[in-house]
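Report on the structure given below.
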Amino acid sequence: DAKTTQPPSMDCAEGRAANLPCNHSTISGNEYVYWYRQIHSQGPQYIIHGLKNNETNEMASLIITEDRKSSTLILPHATLRDTAVYYCIDATYYGGATNKLIFGTGTLLAVQP
Amino acid sequence: GAGVSQSPRYKVAKRGQDVALRCDPISGHVSLFWYQQALGQGPEFLTYFQNEAQLDKSGLPSDRFFAERPEGSVSTLKIQRTQQEDSAVYLCASSPDDPAHYGYTFGSGTRLTVV
């Protein structure tokens, strides 16, 4: 079963920032926070990940609280093409060992024109 | 190619028929995963390969499901005697040996419909 909890759906106006929350109540010290998204009829797409510090890349920013029990994915200027299901996932990595991702049901983000 | 390629894109099988789904990972990617995604649900882990070795098959739902990656590149997921509950999208993902830094690249999946 998925270890994270997310709201089932959110709306966002086009051009505005989308802030997607995630609770990681059972995250352990060696687990990364990953975010993926899945646009209709496509496979999941990697967005960003982090361990403790906030991260930013060309797609999004990731804010992780100090206790690591929650995170927020920020899409700074949402477009219609950002409409998708967004998944947050806790996963470990032990160099060469299995690092399978356990998906929940995610948050359906609907960007409105 | 630049991405993970899966074929066929769509497959309709009669109940009881055997099917084979193919995954071409990104060249040089060590890790390969298979996932099953039912309608309205998140993807569920099936099995994991590191090169040609199948290191984790804990997610395969029954002994009708079999996966192989004999030369450490292309992988095939085979389902024998298909049942209606096997209807789903089957996703393949690959990564270099350091997924913690690069994440996984997924294919677009094969949509299997058992009638």
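The values are calculated or read from the model by the stated rules, or taken from the named source; none is laboratory data. Just so it is clear, the model here is predicted, and its values are computed rather than measured. Cβ: placed from backbone, ideal geometry, glycine included. Neighbour counts: every protein chain shown. Remember, those area values only see protein heavy atoms, side chains included, never the ligands or the DNA or RNA. Shrake-Rupley method; radii C 1.70, N 1.55, O 1.52, S 1.80 Å.
Odds and ends about this structure:
- Only Lys, Arg (+1) and Asp, Glu (-1) charged, at Cβ; the protein assembly as shown dipole about Cα centre in debye: 660
- Ranking A:Val111, A:Tyr32, A:Pro21 by how far each Cα lies toward the positive end of the dipole of chain A (charges on Cβ) leaves A:Tyr32 at the top.
- Counting Cβ atoms of other protein chains within 10 Å of each residue's Cβ and taking the mean over peptide A:38-44 gives 6.
- Karplus 3J(HN,Hα) series, Hz, for segment B:31-44 with 6.51 cos²θ - 1.76 cosθ + 1.60 (x for Gly, Pro): 8, 9, 10, 10, 10, 10, 10, 7, 4, x, 10, x, x, 10
- Candidates B:Gly72, B:Gly103, B:Gly59, ranked by Gaussian network fluctuation over chain B, Cα under 10 Å, top entry: B:Gly103
- Test item: B:42-48 mean partner chain Cβ contacts at 10 Å: 5
- Test item: Cα-centred dipole of chain A, Lys/Arg +1 and Asp/Glu -1 on Cβ, debye: 120
- Close amide-amide hydrogen proximity is noted between A:His24 and A:Ser70, A:Ser71, each under 5 Å apart and 5 or more residues distant or on a separate chain (H modeled in the peptide plane; Pro and chain starts excluded).
- From phi via Karplus (6.51, -1.76, 1.60), per-residue ³J(HN,Hα) for segment A:12-22 in Hz, x at Gly/Pro: 8, 7, 4, x, 8, 6, 9, 10, 9, x, 8
- Label-to-label distance, nm, for residues given as A:Ala110 and A:Asn54 (7 Å Cα→Cβ offset): 3.0
- For chain A, the equivalent ellipsoid built from the Cα gyration tensor has semi-axes of 23, 15, 13 Å, listed from largest to smallest.
- Cys with no candidate disulfide partner in the protein assembly as shown (beta-carbon separation under 4.7 Å rule): A:Cys12
- Taking amide H positions as modeled 1.01 Å from N, with prolines and chain starts lacking one, the residues under 5 Å from B:Val30 and 5 or more places away or on another chain are B:Ser95, B:Asp97.
- Sparse-neighbour loop sites [chymotrypsin sites (Phe, Trp or Tyr not before Pro); segment A:34-109; at most 13 other C-beta within 10 Å; DSSP]: A:Tyr94
- Across every direction, the projection of the convex hull enclosing the Cα atoms of the protein assembly as shown has a mean area of 12.3 nm².
- Cα-based Kirkwood hydrodynamic radius, chain B, one decimal, Å: 14.0
- Rolling a 1.4 Å probe across all protein chains gives B:Asp56 an accessible area of roughly 20 Å².
- In chain A, Cα pairs under 8 Å separated by at least six residues give a relative contact order of 37 percent.
- Listed residues B:Ser62, B:Val114, B:Asn51: farthest to the positive end of the dipole of chain B (Cβ charges): B:Val114
- Each Lys and Arg Cβ is given +1 and each Asp and Glu Cβ -1; about its Cα centre, chain B then shows a dipole of about 600 debye.
- Relative contact order of segment A:23-85, defined on C-alpha pairs under 8 angstrom at six or more residues apart (%): 30
- Amide H contacts of A:Lys3 (H built 1.01 Å from N, under 5 Å, at least 5 apart or other chain): A:Asp90
- Antiparallel %, DSSP beta bridges [both residues in chain A], to 5: 85
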